[in-house]
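See structure below.
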Amino acid sequence: MNPLTEPGNNNARQSTFPFVIPSIIMDGGAKYPPYFDACIAGGIGGSTADFVMHSVDTVKTRLQGQPYSRLQKYSSMIQAYKLIFRQEGVMRGLYAGVSPAMIGSLPGTTLYFAVYELTKRTLNEANVPEVISHLTAGSLGDLTGSIIYVPSEVLKTRLQLQGKYNNPHFVSGYNYKNTWHATKMIVRYDGFGALFHGFRATILRDVPYSAIQFACYEQFKKIAQRKYNGQHIPIGVDMITGSLAGAIAGAVTTPLDVMKTLLQTQQSGNNKSASTKLLIEPPVKHYNGIIDGMVWNYKNQGLAGLFRGIGPRVFWTSLQSAIMFVVYEQVLHLQADLREKDEWPPTKFV
């Protein structure tokens, strides 16, 4: 028998084919969780965290996207949160845009973890330093996932900025009835490419964010595992490691997040839908790109302009990261228990 075809001869197979998509029942060995399990756990963890933290993301979007003027409606995270809740409510205000967010989050994060795990394992087995493999895997994972989540991010951001339909409390320049109406109006008046507005800014924000977040988490997790002698890490420690990783990555990439929000919510100068013409729009600066936007904001508002919304952003990224990694680890434990009972994976349905 050919040694490459012998069951369990993974080393020979991997040395010959170093970049092979693992099967859904691959156990991952002692070093990794099963590949299929990691993808499913990542999708559940990421989408759960995005849903729980959506209201904070809405506040961050309002703080970053409100028109620049001396008298701004929202001055801080807490003040904005209270005001939006009081004037617009939960589902139409704080949770505006949650539908496109979830439509993009579940498949996007699942794809992200699929590419991340595959890249990380391949580079680790090739003896690439761990930090480099984690940074590379995080970057490639996010780059791949962006194909799904950028259009949903555009819809989500505009609906968050708008709030409810015919919103009398905040003039955003948009007036969409729902996600489908927003999609039709954007494609009709601005073209299909408008769904990818701010794509470069999103990539420049999310690729370094994900790379830093996952590299930090892997290192923090490694330290925690040494402290607990390889045993299951307590949920509280998981939350701390995930939170620190998200906070660091979120703070560093805030200027890019500001530009992503501004580029995705600005309207084209020529085409405007009938629904937005009825609204009184404040004068706004039209940005020609990331550099133009960063230079203009720095000249007119200083560092505060580049880091506006940093409070809710770091608050959001730290808690979102903590929730995501805690849910991710707990789902992995659940899957491991089900595997011992021979009840997972559901191969009959896959």
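The values are calculated or read from the model by the stated rules, or taken from the named source; none is laboratory data. This is a predicted model, so every value here is computed, not measured. Neighbour counts run over all protein chains shown; Cβ positions are idealised from the backbone, glycine included. Only protein heavy atoms, including side chains, enter the accessible area calculation; ligands, DNA and RNA are left aside. Shrake-Rupley method; radii C 1.70, N 1.55, O 1.52, S 1.80 Å.
General remarks:
- Of the numbered criteria (1) under 23 Å from ARG92 (Cα atoms); (2) open to solvent by 40 Å² or more (accessible area, probe 1.4 Å); (3) in contact with a Lys or Arg (Cβ under 9 Å, 6 or more places away or on another chain), the one TYR189 fails is (1).
- On inspection, VAL131 qualifies as over 30 Å from VAL171 (Cα atoms) and either in a helix (DSSP H, G or I) or open to solvent by less than 10 Å² (accessible area, probe 1.4 Å) (or both).
- Counted residues, the range 143-172 - those being open to solvent by 10 Å² or more (accessible area, probe 1.4 Å) and assigned to a helix (DSSP H, G or I): 11
- So THR48, is it touching a Leu at 6+ places or on another chain (Cβ under 6 Å), over 23 Å from ASN166 (Cβ atoms) and crowded, with 17+ Cβ neighbours inside 10 Å: no
- Checked against the criteria, HIS197 counts as touching a residue at least 40 places away in the same chain (Cβ under 8 Å), under 30 Å from LEU303 (Cβ atoms) and buried (at least 21 other Cβ atoms within 10 Å of the Cβ).
- Only residues that are charged (D, E, K, R), without any contact (Cβ under 8 Å) to a residue 40 or more places away in the chain and open to solvent by 30 Å² or more (accessible area, probe 1.4 Å) were counted across the range 85-128, and they come to 1.
- Filter result for the condition that a residue is buried (at least 18 other Cβ atoms within 10 Å of the Cβ) and of a type outside the set (A, V, I, L, M, F, W, C), over GLY309, GLY302: GLY309
- Of the candidates ILE248, ILE291, the single residue that is open to solvent by 20 Å² or more (accessible area, probe 1.4 Å), of a type in the set (A, V, I, L, M, F, W, C), touching a helix residue (DSSP H, G or I) at 6+ places or on another chain (Cβ under 6 Å) and at pLDDT 80 or above is ILE248.
- As a summary of the residue check, LEU263 satisfies the conditions (1) at pLDDT below 85; (2) open to solvent by 40 Å² or more (accessible area, probe 1.4 Å) except for the one numbered (2).
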